Amino acid sequence: MAAYIFDKLRELEEKNAYPLHMPGHKRNIRFMPYDFRLYDYTETECTDNLHMPEGIIADAQNALAELLGADSSFILVNGGTSGMIASILACCDPGDNVLVAANCHKSVYDGLIMAGVNPIYISPSITEEGLCGGISIRDIFRAFESYDIKAMIITSPTYEGFTCDVRTIADIVHKHGSILIVDECHGAHFVFSDVFPPSALSQGADVVVNSWHKTLPCLNQGAVLSIKGGRTDSIRIKEAVSMINTTSPSYPVMASVDYARDLLSRDKNLFSSYIQVLKDARHELAHCKTLKLVNDSIKGQSHIADVDISRFTIMVRTDITGMDLSRILLDKYNIRIEMAGLHHIVAITTVADDPKGIKRFVKAITELDKKYERKFIEKIPISGLSVSVPEMTPRDVYFSGKETVAYEEAPGRIAAASIIPYPPGIPLVPMGKIITGENIESIRQLKAVGISVIGAENGSVAVVKKADK
């Protein structure tokens, strides 16, 4: 017998590849100088209760709210996923219309199912490189003019580090009496420096979810939900958070969020020195032509408001793919990155990174940039309707009968699961929409060039069963 998970983790630790990926603590003892075994408690007379905080947890949450500029903040131990689901449950009633950015995380789609709401999908713009950009303000106006919308949900920043014009979006949403929910899970670090994009809360968002474990030195699953502005029902928010969070919360996870908040708030030099490392690294990478860093020049294009400089999104403009580059970085340089697509990679840095590790990555990219000849790589256009409504709600699809059919049998059938090319991560066919012949042809083209299409495996897709006649 074997301890399968433990043995694999021990093997990875022995290989000691430099982690340019989540979680944000990077296993750096300087930022997590404690033995988790010693802090794995349960609710006792002095450890407070996450579901009815009156002591240390209440103090920690109040300190978070003060730091983030929120009216209230709630520690999440089930990750940002639980925050997004709780936000939808708290802000919407069954049957409400919700405007949903199509590049939202899976948790949003799960929340739509649980809440029983009616999604109206709005597609983000696509950059020239085939990545998700921001949301068109014109499309948002069009959606609000056409539908009675209770809330809007957007992702800002994206996985690649691009933010939307949250301030303008918030103004539009509020003028229509609606609530703006922002998945800012990849932007928990924004509040610690003006060099990063402004936080969603500071730009008028009503509910914001931050995954502290992604970009700050916290244990996996540590996250925070915050509310501001009085447009949400704080009691219902608290109830929804309690409903989604486990009743056996991890004290090490909660403690890691609280410790990171305290440490990073007190020692301002930590972020200032880290930011200088980032600036130096981006300056060197700016000279690369084949492995091209996405930089500030993309601002204003494809409705992108800002770019997070802590995230290295590298476009691969040569014969090798992003997956190939990822393997080369691991095999030759012992660097493990966060994500690899067909034409790009994403490397995540945080304040807990060793500057030597970031410099090693820069050296690897600059060396490889000289090795490969730059070539024009034709991108397959991926787009959907700017604003669309599914034939069935996610909840109705979830509780319906389903079957798997071959590609050629799919046109005219309702998708039982979203069909999502990645990159860019926008559903080609959202759950509940009718699949067309053009959709199937796009799937074939995408898979032919190596793009992963979630929901379209082995020449088949899942569809809703037809009702018996």
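The values are calculated or read from the model by the stated rules, or taken from the named source; none is laboratory data. Being a predicted model, the structure only gives us computed values, none of them experimental. As a convention, Cβ positions derive from the backbone with ideal geometry for all residues, glycine included, and neighbour counts pool all protein chains shown.
Do we find a residue being within 23 Å of PRO252 (Cα to Cα), aliphatic (A, V, I, L, M), outside the structural domain of SER272 (by TED's automatic domain parsing) and crowded, with 21+ Cβ neighbours inside 10 Å anywhere in the range 171-185? No, every residue in the range 171-185 fails to be within 23 Å of PRO252 (Cα to Cα), aliphatic (A, V, I, L, M), outside the structural domain of SER272 (by TED's automatic domain parsing) and crowded, with 21+ Cβ neighbours inside 10 Å. From the set of residues in the range 77-93 that are buried (at least 21 other Cβ atoms within 10 Å of the Cβ) and within 15 Å of the chain's Cα centre (by Cα), which is farthest from VAL117 (Cα to Cα)? Per the stated criteria, the residue is GLY80. Residues that are aliphatic (A, V, I, L, M) and not in a strand (DSSP E or B) within the range 288-304 comprise VAL294, ILE298, ILE304, listed in sequence order.
Yes or no, residue by residue, for (1) within 16 Å of SER72 (Cβ to Cβ); (2) at pLDDT below 95:
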| position | (1), (2) |
| --- | --- |
| PHE192 | no, no |
| SER211 | no, no |
| LYS214 | no, no |
| ILE235 | yes, no |
| SER250 | no, no |
| LEU263 | no, no |
| LYS268 | no, yes |
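Checking each residue in the range 193-238 for being surrounded by fewer than 21 Cβ atoms within 10 Å (Cβ to Cβ) and either in contact with a Lys or Arg (Cβ under 7 Å, 6 or more places away or on another chain) or within 17 Å of ASP308 (Cα to Cα) (or both) picks out SER193, ASP194, VAL195, PRO198, SER202, GLY204. For the range 295-306, a tally of residues being surrounded by fewer than 21 Cβ atoms within 10 Å (Cβ to Cβ) and either without any contact (Cβ under 8 Å) to a residue 24 or more places away in the chain or closer than 20 Å to GLN276 by Cα (or both) returns 5. The residue list LEU50, LEU38, LEU67 contains one member that is over 19 Å from THR246 (Cβ atoms) and either buried (at least 20 other Cβ atoms within 10 Å of the Cβ) or touching a strand residue (DSSP E or B) at 6+ places or on another chain (Cβ under 9 Å) (or both), which is LEU67. Selection of the range 309-365 for residues being among the hydroxyl-bearing types (Ser, Thr, Tyr) and surrounded by fewer than 19 Cβ atoms within 10 Å (Cβ to Cβ) yields only TYR333. Note on the range 36-59: residues that are out of contact with any helix residue (DSSP H, G or I) (no Cβ under 6 Å at 6 or more places or on another chain), assigned to a loop (DSSP other than H, G, I, E, B) and touching a residue at least 24 places away in the same chain (Cβ under 8 Å) amount to 2.
Of the strands (runs of 3 or more DSSP E) lying entirely inside the range 99-206, not one is found with 3 or more residues being acidic (Asp, Glu). Taken over the range 305-319, the residue count meeting the criterion of being in contact with a strand residue (DSSP E or B) (Cβ under 9 Å, 6 or more places away or on another chain), part of a loop (DSSP other than H, G, I, E, B) and farther than 10 Å from GLU160 by Cβ is 4.
Just one of the numbered conditions (1) surrounded by fewer than 24 Cβ atoms within 10 Å (Cβ to Cβ); (2) at negative phi; (3) of a type outside the set (Val, Ile, Thr) is not true of PHE74: (1). Contact map, the range 366-392: residues that are under 21 Å from GLU129 (Cα atoms) and crowded, with 16+ Cβ neighbours inside 10 Å paired with residues that are basic (Lys, Arg) and modelled with pLDDT of 90 or more, Cβ distance under 8 Å, separation 6+ or inter-chain. Pairs shown: ASP369/LYS289; ILE377/ARG317; SER386/ARG142. The single condition from (1) part of a helix (DSSP H, G or I); (2) under 24 Å from THR158 (Cα atoms); (3) of a type outside the set (Lys, Arg); (4) touching a helix residue (DSSP H, G or I) at 6+ places or on another chain (Cβ under 9 Å) that SER265 fails is (2).
Checking the stated criteria, PRO33 turns out to be in a loop (DSSP other than H, G, I, E, B), out of contact with any Pro (no Cβ under 6 Å at 6 or more places or on another chain) and surrounded by fewer than 12 Cβ atoms within 10 Å (Cβ to Cβ).
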